[in-house]
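The values are calculated or read from the model by the stated rules, or taken from the named source; none is laboratory data. This one's a predicted model, so the numbers in the text were calculated from it and none came from an experiment. Using ideal geometry, Cβ is built from the backbone for each residue, glycine included, and neighbour counts are taken over all protein chains shown.
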Amino acid sequence: MPKIEKPVLQNDPNEAESGAHEPKTPGQSQENVSFSLDDHSPDLIVNEVSKLSIAHEIVVNQDFYMEESVLLPNSLEGRFMETMYNAFWDHLKDQLSSTPPDVICALELLREVKETLLSLLLPRQNCLRNEIEDALDIDLLKQEAEHGALNVPHLSNCVLNLMTLLCAPVLDEAVEKLESITDPVQLLRGIFHVLGLMKMDMVNYTIQSLRPYLQEHYVQYGRAKFQKLPNKQPNLLDCTTKWLTRTALDLTTPSPSSPDSPSSFRMACSPPNWAANNSELPSSTMVLYQGYLNLLVWDPDNEEFPETLLMDRIQLQDIESQLNQLAILASVLLVARSFSGNVLFNSPEFVDKLKYITKALTEEFSTRPEEDLVSVSEQVSQEIHEGLKDIGLAALSSEKTASLIGQLQNIAKKENCVGSIIDKWIPLFLKCHLVPGMQESLLDFPGGLIFIKGELAELGWKFVSLMHHNQQVFSPYYDEILKDIILPQAQETQLESV
């Protein structure tokens, strides 16, 4: 039972068309993964749609890579696995120390070493393939062991030389360290560890090689793969239909709401032209884009997430979390500038320092907002005091300091006016990037977003790229759904006008 990490991407010829493969849980058979589309279970629908997840992630996430799964050493599972591995290697040591040595298990491990080395070869590396076959001829090694003629040092050098030829330069040092190990059991254990790293490195190399091909063909592939489902399960897109229907109703049925409600978030992002004329129906594209923005305020308890965006749900939640952190950061900087003036905030170093402090102190903001803002208010007020003192200006009075601290601590409250303003600016910023032709509106943005312009632009690009990719793949389905939503509304509007 050597401890070697298997790459997540499996060599499944049935999925070769995707260029990437679904990770399989240890012990999970293919029969358990597949299911009948006649079964209407939402969990099974999620499972089927998620078969595209690896290829999808490679396409939309340029930083995607596979890494070794490491168990926490103090966890129950970590301690159990470590105990089992130690027992295995101790047993192997007892076998090799017996008289005569029992080499059956060791030869099986060498067979695995051979198979791993062969799996790392490229198709054109025939000379290396022959060299591996000759050096690790298991039948010949078995005969040599039976006659006491097995040259262990020579065999070890052959394996390490082959590993040196096949590994990436970053792993050269790890292979060199193995050369100093004389105990055969510890050497085998080290070889399997480094081979696991080499396999993971090969997986990531394959991902990089596949990315351009997947980017070119994924739209057609994803659409074709998804096309197989609705024909066999007509209600597959129920949640997608509900999502777009609610979005269209939000845009065409304005209702009074408080500034901090989710609906006001949606209305803050609504098209300016439509807001001026409620009788004008939004286009299908505008409904779709508004629906995308609504995903950033999705209720986590709402399980009716659009089926066409299941693969993006984790990334959307991550974007939402980062946007909330940026909103807090922008609010803190806006309040701080209102007390210290532009003198301090004209210094990029001072602004960067406040940003660093705020980010560091609000990492756990979602779980303890009040405590975090107390720390932020104290630290920011101290930095403003020292900053004014350093440039020879009078420090804030005790009354202004108390007011500054109070306003900073109130940022997280729903009725806070600064937070409400920021919460409207950020969706508008995303809307301007998402909808072509609206970028000029950015010129009219208040200065509160200037200090997070870089972070917000980067996050906005990530969101827009993700949604545009989704639109490319699933536009036929969206067009069909929105046609059934908007056209009846248009007909109803025409009847009412008559």
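Got at least one residue in the range 388-403 being at pLDDT 85 or above, within 21 Å of I450 (Cα to Cα) and exposed (fewer than 14 other Cβ atoms within 10 Å of the Cβ)? No - not one qualifying residue is present in the range 388-403. Somewhere in the range 380-402, is a residue under 30 Å from T240 (Cα atoms), out of contact with any Gly (no Cβ under 6 Å at 6 or more places or on another chain) and not basic (K, R)? No, the range 380-402 contains no residue that is under 30 Å from T240 (Cα atoms), out of contact with any Gly (no Cβ under 6 Å at 6 or more places or on another chain) and not basic (K, R).
Of all positions in the range 308-315, none carries a residue that is closer than 14 Å to Y478 by Cβ and not in a helix (DSSP H, G or I). Of all residues in the range 314-359, those being farther than 30 Å from P300 by Cβ and not hydroxyl-bearing (S, T, Y) number 16. Of the residues making up the range 315-337, just one is polar (S, T, N, Q) and loosely packed, with under 14 Cβ neighbours inside 10 Å, namely S321.
Return the residues of the range 382-405 that are free of Cβ contacts under 8 Å to residues at least 12 places away in the same chain and assigned to a helix (DSSP H, G or I); say none if nothing qualifies. Matches in the range 382-405: Q382, E386, K389, D390, S398, E399, A402.
Looking only at the range 106-164, filter to residues that are polar (S, T, N, Q) and assigned to a loop (DSSP other than H, G, I, E, B); which one of those is farthest from I191 (Cα to Cα)? Before you say what the answer is, go through the steps one by one.
From the range 106-164, those polar (S, T, N, Q) are 116, 119, 125-126, 130, 143, 151, 156-157, 161, 164; that's our starting set.
Going one step further and asking which of them are assigned to a loop (DSSP other than H, G, I, E, B), we end up with 125, 151.
Details: Q125: 22, N151: 18 Å.
If we take residues in the range 106-164 being polar (S, T, N, Q) and assigned to a loop (DSSP other than H, G, I, E, B), then Q125 is farthest from I191 (Cα to Cα).
When the range 448-480 is filtered for residues that are in contact with a Lys or Arg (Cβ under 8 Å, 6 or more places away or on another chain) and more than 20 Å from S321 (Cβ to Cβ), the ones remaining, listed by number, are V473, F474, P476.
Out of V59, V70, which single residue is part of a helix (DSSP H, G or I), assigned by TED's automatic domain parsing to the domain that holds H147, out of contact with any Pro (no Cβ under 9 Å at 6 or more places or on another chain) and of a type in the set (A, V, I, L, M, F, W, C)?
From the options V59, V70, the qualifying one is V59.
Within the range 72-92, residues that are farther than 18 Å from L188 by Cα have Cβ atoms under 9 Å from residues that are exposed (fewer than 11 other Cβ atoms within 10 Å of the Cβ) in these pairs: G78/V70; G78/L72; R79/P73, counting only partners at least 6 apart in sequence or on another chain. Of all residues assigned to the range 167-174, none qualifies as being without any contact (Cβ under 8 Å) to a residue 60 or more places away in the chain, crowded, with 18+ Cβ neighbours inside 10 Å and assigned to a helix (DSSP H, G or I). Scanning the range 373-387 for residues that are crowded, with 19+ Cβ neighbours inside 10 Å and either at pLDDT below 85 or over 15 Å from Q325 (Cβ atoms) (or both) turns up S377, V380, S381, I384, G387.
Report whether or not D352 is crowded, with 19+ Cβ neighbours inside 10 Å, in a helix (DSSP H, G or I) and charged (D, E, K, R).
Values: crowded, with 19+ Cβ neighbours inside 10 Å: no; in a helix (DSSP H, G or I): yes; charged (D, E, K, R): yes.
No, not satisfied.
Considering the range 75-129 alone, what residues qualify as being touching a Gly at 6+ places or on another chain (Cβ under 9 Å), loosely packed, with under 11 Cβ neighbours inside 10 Å and of a type in the set (S, T, N, Q)? Listed by number, the list is empty, since nothing qualifies.
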